[in-house]
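The values are calculated or read from the model by the stated rules, or taken from the named source; none is laboratory data. None of the values given here were measured: they were computed from a predicted structure. When we count neighbours, we look across all protein chains shown, and the Cβ atoms used for this are built from the backbone with ideal geometry, even at glycine.
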């Protein structure tokens with residue numbers, strides 16, 4: 001296996017702290033780093049020398065002399081080309097890929113259809129091929145690839161890199177995704193839940209960079225939340241934290257595929273929105289979506305079509321989406337009340353399509369109805385990564401685990 | 001201010017690790033400690049010598065000689081009398097107190113009625129008096145008191161020790177509880193949300209000792225949850241995490257005092273149960289509780305009376321409690337699905353009264369209806385601290401912050 005560059009030696013906490021400040025500071029000097037970290041000037045100087053020697057950091061032009069007439073404040077920046085990370089978003093219908101440089105810029109992208117019928121082996125082979133093609137196209141040398149991050153539907157064990165029979169992936173059973181991809185690609189592979197990956201991406205590169213407690217509400221094929229508590233991704237005891245789709249609202253409500261009744265998913269998931277539209281069409285209500293309903297064609301209505309119709313002013317589509325947005329807004333008020341996060345990030349593939357329709361309703365619900373709303377400000381932001389949210393998150397898993405200042409290996413109580 | 005004993009010097013991570021193993025190990029030897037911590041034998045010997053010198057630990061009789069014929073395995077135990085912590089549970093109707101020794105045994109208790117009419121000053125004065133009386137009665141020297149922990153309704157800032165206008169405490173505004181009590185008592189005071197304190201108590205001394213992710217569902221005057229994630233108490237961005245009472249289930253549901261509609265509290269809090277019973281009595285339904293309803297007396301029905309009636313077989317009371325238990329069970333399925341905790345602890349004053357009536361329904365809901373129930377075991381346990389849950393939790397705040405192996409002062413990302 002390639003070992004990436006010497007970047008993987010970045011294990012020292014203080015060094016990670018310094019590196020992260022340089023990354024976020026966009027031109028921090030040694031003096032500023034010492035001030036902000038509380039580290040001794042000599043310690044900072046030593047760490048920076050090591051980072052310069054390793055090629056992780058570059059000096060970006062001399063700054064002005066400090067008032068005391070002492071050392072010049074040389075600006076430090078991350079060397080974008082010192083390392084790259086590949087992100088793979090594994091979805092039931094699509095696999096999307098992306099290459100991030102060390103500054104978090106996307107250097108190359110690709111996406112192609114996935115088929116649940118391909119099975120785990122077929123899917124892994126396709127994904128590995130796609131990674132090889134992506135890298136070939138960019139000319140980045142193999143030794144500069146830090147690793148491959150994979151955002152996968154759960155349930156999964158992110159440490160073991162094993163996925164357990166995710167909903168919609170029939171016949172997967174227990175799939176050793178990390179091992180299978182490492183064998184095929186020769187790079188270290190990190191697997192995580194798609195919602196966790198999306199949250200890590202927002203925390204590392206997106207709209208949640210300074211936020212310790214937030215929920216990333218991800219609307220992909222399903223609906224889930226990636227949770228950050230006290231500055232760390234929270235995965236739960238079995239890696240399934242954030243399954244807000246299956247918060248039961250009504251013990252006597254409609255049956256859900258999960259075996260329970262009255263789950264939130266039955267009121268606001270994309271699948272549910274489509275079902276409501278289909279039912280209304282069946283009942284003969286008029287709508288521009290009726291074209292999908294001639295004969296036996298109603299199964300061809302997808303969420304995207306409903307969103308397009310609503311944006312074009314179709315009343316039936318608007319009503320179905322409005323109801324879903326209202327139920328989701330209501331559920332997110334409950335999530336904020338339970339978790340006291342101060343940011344809700346909205347994103348994911350289906351949110352890209354329905355975003356404008358949902359965001360207003362969700363914002364209104366949270367601003368008007370959260371408990372103790374007079375004492376706290378809860379923000380609602382939309383992810384800027386659009387359709388790439390999952391792939392950016394996946395690639396961020398690698399950079400985050402290599403570079404985020406984290407206390408590793410110390411036993412927690 | 002008293003500085004407690006030299007116990008407060010216990011700041012070193014390895015020392016805390018060793019101390020905690022001795023505490024939990026109930027007679028661990030130096031050899032066992034070295035094996036379980038991975039610390040070098042000499043390091044363990046040095047730490048233990050320091051703990052013996054400080055009087056925190058005692059040698060509890062010689063063990064048998066080890067097989068290798070080497071040193072005898074001397075059993076080490078915590079010296080119960082080396083330090084004490086006072087716990088104060090501040091409730092709208094009652095203040096309860098408790099003195100814990102270093103082994104977590106309650107050495108003295110007291111409780112007395114509180115009145116919201118007393119205002120913050122009156123309440124703080126009463127509480128301070130009660131602490132003085134409790135300590136006077138036990139004869140514990142002031143220098144052996146590590147501190148006073150206070151479990152208070154929120155919202156509050158546990159670091160600043162400030163409580164902000166908790167529901168039901170009219171006219172409190174911003175109350176500097178920590179400062180006011182420290183001035184009056186001369187001991188260090190730690191304040192925390194009552195649900196957080198209860199969870200810390202269970203983690204330190206109760207039924208959640210080995211559990212990193214759990215929710216303590218607290219039924220006191222209201223209903224709330226104390227949350228532990230990845231081995232740490234989680235308080236949220238403004239100290240209000242765990243407000244599950246105000247998870248809105250139905251955007252068109254009945255109004256809640258919080259200004260929202262359809263909150264869980266409106267379906268299952270003790271207050272709601274009493275309201276449902278009163279309504280049913282008003283409608284003329286027969287019940288043993290009718291004695292409370294002659295003339296204008298219906299306001300005298302309290303939750304305790306309803307529980308007693310249900311336990312004695314009263315159908316009306318049973319129905320109201322059954323409905324509440326069902327809604328709470330449903331909500332806790334949602335909490336488990338969202339947070340992927342593997343333990344739910346039930347406790348608090350009102351749970352003591354209704355415990356037998358609620359626990360079965362909640363257990364059934366969680367065992368039968370949690371998502372991925374075939375892949376994970378979620379336990380439901382009842383707190384063993386009964387009415388003292390809050391006070392034990394409050395006292396645990398002090399011991400926990402002094403002794404739990406925690407990484408302090410290091411910046412978290």
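Return the pair list, or none, for Cβ contacts closer than 8 Å from residues in the stretch A:40-55 that are assigned to a loop (DSSP other than H, G, I, E, B) to residues that are surrounded by 16 or more Cβ atoms within 10 Å (Cβ to Cβ), at least 6 apart or on different chains.
Matching pairs, first to second residue: A:40/A:34; A:54/A:5; A:54/A:7; A:54/A:82; A:55/A:5; A:55/A:79; A:55/A:82.
Is it the case that the stretch A:209-216 has a residue that's surrounded by fewer than 21 Cβ atoms within 10 Å (Cβ to Cβ), touching a residue at least 40 places away in the same chain (Cβ under 8 Å), more than 10 Å from chain B (Cβ to nearest Cβ) and within 21 Å of the chain's Cα centre (by Cα)?
Within the stretch A:209-216, the subset surrounded by fewer than 21 Cβ atoms within 10 Å (Cβ to Cβ) is A:209-212.
Cutting the leftovers down to touching a residue at least 40 places away in the same chain (Cβ under 8 Å) gives us A:209, A:211.
Narrowing the set further to residues that are more than 10 Å from chain B (Cβ to nearest Cβ) leaves A:209.
After this cut, where a residue has to be within 21 Å of the chain's Cα centre (by Cα) as well, the list is A:209.
So far as the stretch A:209-216 goes, yes, one or more of its residues are surrounded by fewer than 21 Cβ atoms within 10 Å (Cβ to Cβ), touching a residue at least 40 places away in the same chain (Cβ under 8 Å), more than 10 Å from chain B (Cβ to nearest Cβ) and within 21 Å of the chain's Cα centre (by Cα).
Determine, yes or no, whether residue A:20 is closer than 30 Å to residue A:190 by Cα, modelled with pLDDT under 90, within 14 Å of chain B (Cβ to nearest Cβ) and surrounded by 14 or more Cβ atoms within 10 Å (Cβ to Cβ). Walk me through it before giving the result.
Working: closer than 30 Å to residue A:190 by Cα: yes; modelled with pLDDT under 90: yes; within 14 Å of chain B (Cβ to nearest Cβ): yes; surrounded by 14 or more Cβ atoms within 10 Å (Cβ to Cβ): yes.
So residue A:20 passes the test.
Taking strands (runs of 3 or more DSSP E) that fall entirely within the stretch B:92-193, which contain at least 2 residues that are under 18 Å from the mean Cα position of the chain (by Cα)? Spell out how you get there, then give the answer.
Working: elements: B:94-101, B:106-113, B:145-152, B:162-164, B:189-193.
Here the list reads B:94-101, B:106-113, B:145-152, B:189-193.
Looking at residue B:67 and the list (1) surrounded by 17 or more Cβ atoms within 10 Å (Cβ to Cβ); (2) over 24 Å from the mean Cα position of the chain (by Cα); (3) at pLDDT below 90, which single condition is not satisfied?
So the condition that residue B:67 fails would be (1).
Hey, could you check the stretch A:1-17 for residues that are part of a helix (DSSP H, G or I) and modelled with pLDDT under 80 and say which is farthest from residue A:145 (Cα to Cα)?
At the first step, the residues of the stretch A:1-17 found to be part of a helix (DSSP H, G or I) are A:6-9, A:13-17.
Adding the requirement that they be modelled with pLDDT under 80 leaves A:6-9, A:13.
On the way: A:6: 11, A:7: 10, A:8: 11, A:9: 14, A:13: 22 Å.
Filtering first and then ranking leaves A:13.
Filtering the stretch B:246-260 down to residues that are in contact with a strand residue (DSSP E or B) (Cβ under 8 Å, 6 or more places away or on another chain) and at the interface with chain A (Cβ under 8 Å from one of its Cβ atoms), which residue is surrounded by the fewest Cβ atoms within 10 Å (Cβ to Cβ)?
Start the filter on the stretch B:246-260 by keeping residues that are in contact with a strand residue (DSSP E or B) (Cβ under 8 Å, 6 or more places away or on another chain), which leaves B:246-256, B:260.
Those still in the list that are at the interface with chain A (Cβ under 8 Å from one of its Cβ atoms) too: B:246-251, B:260.
Details: B:246: 27, B:247: 26, B:248: 27, B:249: 26, B:250: 15, B:251: 18, B:260: 25.
Once the filter is applied, the top-ranked residue is B:250.
Please go through the stretch A:161-176 and pick out each residue that is in contact with a helix residue (DSSP H, G or I) (Cβ under 9 Å, 6 or more places away or on another chain), within 14 Å of another protein chain (Cβ to nearest Cβ) and surrounded by fewer than 19 Cβ atoms within 10 Å (Cβ to Cβ).
A:162, A:172, A:173
Looking for something on the phi > 0 side of the Ramachandran plot and surrounded by 14 or more Cβ atoms within 10 Å (Cβ to Cβ) - is there at least one such residue anywhere in the stretch A:134-145? Give the derivation first.
Keep residues of the stretch A:134-145 that are on the phi > 0 side of the Ramachandran plot, which gives A:139.
Subsequent filtering for residues that are surrounded by 14 or more Cβ atoms within 10 Å (Cβ to Cβ) retains none.
No, because not a single residue in the stretch A:134-145 is on the phi > 0 side of the Ramachandran plot and surrounded by 14 or more Cβ atoms within 10 Å (Cβ to Cβ).
Any residue at all in the stretch B:177-198 that is within 12 Å of chain A (Cβ to nearest Cβ), surrounded by 21 or more Cβ atoms within 10 Å (Cβ to Cβ), touching a strand residue (DSSP E or B) at 6+ places or on another chain (Cβ under 7 Å) and over 23 Å from residue B:94 (Cα atoms)? Walk me through it before giving the result.
Initial filter on the stretch B:177-198 (within 12 Å of chain A (Cβ to nearest Cβ)): B:193, B:195-196.
Still in the list and also surrounded by 21 or more Cβ atoms within 10 Å (Cβ to Cβ): B:193, B:195-196.
With the extra rule that they be touching a strand residue (DSSP E or B) at 6+ places or on another chain (Cβ under 7 Å), the set shrinks to B:193, B:195-196.
Keeping just the survivors that are over 23 Å from residue B:94 (Cα atoms) gives none.
Among the residues of the stretch B:177-198, not one is within 12 Å of chain A (Cβ to nearest Cβ), surrounded by 21 or more Cβ atoms within 10 Å (Cβ to Cβ), touching a strand residue (DSSP E or B) at 6+ places or on another chain (Cβ under 7 Å) and over 23 Å from residue B:94 (Cα atoms), which makes the answer no.
Taking residue A:206 as meeting all but one of (1) more than 7 Å from every other protein chain (Cβ to nearest Cβ); (2) surrounded by fewer than 22 Cβ atoms within 10 Å (Cβ to Cβ), write down the number of the exception.
Only one criterion is unmet by residue A:206, namely (2).
Of these, A:386, A:355, which one is at pLDDT below 95 and in contact with a helix residue (DSSP H, G or I) (Cβ under 7 Å, 6 or more places away or on another chain)?
Details: A:355 fails: in contact with a helix residue (DSSP H, G or I) (Cβ under 7 Å, 6 or more places away or on another chain).
The conditions single out A:386.
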